[in-house]
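Notes follow once the structure below has been shown.
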Amino acid sequence: MPNKENGVTRGVREPAVAGSDQPREIRIRVNGSWRSFRLESDLSPATTLSYVLREKLGFTGLKVSCDEGACGACTVIQDGKAVLSCMVLAVEADGRDVTTIEGLPADDPVVQAFAEQSEPGYGTAMQCGYCTPGFVMTARALLNDNPSPTLSEIKDALAGNICRCGCYAGIAQAVLRASAKIAAGRSAS
Ligand code: FES
Ligand code: FES
């Protein structure tokens with residue numbers, strides 16, 4: 001069931017379409033495996049994708065911080081595009097392909113670049129790490145579309161993600177580093 005924090009019912013959105021035309025079974029491909037849910041028994045028409053991913057499937061890498069589309073901590077990749085999973089209904093994800101940070105391989109250039117850019121001190125991409133999965137997934141989606149972004153393009157793409165620790169410069173450097181890794185991988189193959 002959705003939980004309540006600070007008076008806000010989390011994991012629930014107003015369904016865009018409610019009624020008998022909703023599919024009774026919701027199937028979402030998550031990190032390569034199809035997962036099925038029954039409407040009304042497993043989830044409601046108003047259940048969010050973020051709730052399903054975290055609470056039903058245990059993919060807790062994504063964070064639900066604002067739960068209203070303002071922070072980017074819940075970002076996942078849906079059909080190749082970065083989406084805010086707190087703003088997507090589970091029924092809207094029916095038949096879609098969803099990747100959470102757990103679905104990225106350890107040798108993914110973006111994962112590696114953020115890990116390498118995490119040395120303490122000026123220039124780190126990561127202090128507490130709470131925002132990191134959201135930034136990594138946003139960056140991954142950006143580099144899928146544009147493997148060689150400019151710094152300005154990186155800043156634009158990451159504009160919807162918030163880092164309370166203020167690691168923005170390091171995060172941008174990590175994305176540039178990931179881009180360089182992708183280019184190096186291409187020239188080596
Ligand atoms: S938790 Fe989804 S944007 Fe903040
Ligand atoms: S590293 Fe702490 S919120 Fe970004």
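Taking every Cα-Cα distance in segment 104-188 and sorting them into 10 Å bins starting at zero, the pair-distance distribution P(r) comes out as 20, 57, 22, 2 percent. Quick check for the chain: number of Lys pairs with alpha-carbon distance under 25 Å, counting only pairs 8 or more apart or on different chains? The number of close lysine pairs in the chain is 8.
Taking the Cα centre of the chain as origin, sum charge times position over the Cβ atoms of Lys and Arg (+1) and Asp and Glu (-1), and report the length of that vector in debye to the nearest 20.
180 debye
FRET efficiency for the ASP97 to TYR168 pair, using the beta carbon distance and R₀ = 30 Å, is estimated at 0.50. Rg over Rh for the chain works out to 1.00, both radii taken from alpha-carbon positions and Rh defined as the Kirkwood radius. Other residues lying with their Cβ under 10 Å from the Cβ of LEU39 contribute a combined charge of -2, Lys and Arg counting +1, Asp and Glu -1. For the peptides 133-142, 77-86, 177-186, the ranking by packing is 133-142, 77-86, 177-186, with the highest mean count of neighbouring Cβ atoms within 10 Å listed first.
Each residue of segment 167-174 is assigned a 3J(HN,Hα), and the resulting list reads 8, 4, 5, x, 5, 4, 5, 4 Hz, derived from the Karplus form 6.51 cos²θ - 1.76 cosθ + 1.60 (θ = phi - 60°), x at Gly and Pro. Tell me the mean residue ellipticity at 222 nm calculated for the chain from its helices only (DSSP H runs of n ≥ 4, each -39500 (n - 2.57), averaged over every residue, nearest 500). Using -39500 (n - 2.57) per qualifying helix, the result is -8500 deg cm²/dmol. In order along segment 29-39, the phi-based Karplus estimate (6.51 cos²θ - 1.76 cosθ + 1.60, θ = phi - 60°) of 3J(HN,Hα) comes to 8, 10, 6, x, 10, 6, 10, 10, 9, 9, 4 Hz; Gly and Pro are listed as x. Distance from the C-alpha centroid of segment 60-103 to that of segment 125-189: 17 Å, rounded to the whole angstrom. Residues whose amide H falls under 5 Å from that of CYS71, counting only those 5 or more places apart or on a different chain, are CYS66, with hydrogens built in the peptide plane.
Rounded to whole Å, the principal axis extents of the Cα atoms in segment 64-162 read 43, 28, 27, largest first. What is the calculated FRET efficiency for GLU119 to GLU40, with r their C-beta to C-beta distance and R₀ = 41 Å, to the nearest 0.05? Efficiency, rounded to the nearest 0.05: 0.25. Backbone amide hydrogens, once placed in the peptide plane, bring VAL12 within less than 5 Å of THR48, excluding anything fewer than 5 places away on its chain.
All of the numbers you see were taken from the coordinates with simple rules; none came from a lab. Source: prediction; values computed, not measured. Heads up, the Cβs are rebuilt from the backbone with ideal geometry, glycines too, and the neighbour counts pull from every protein chain shown.
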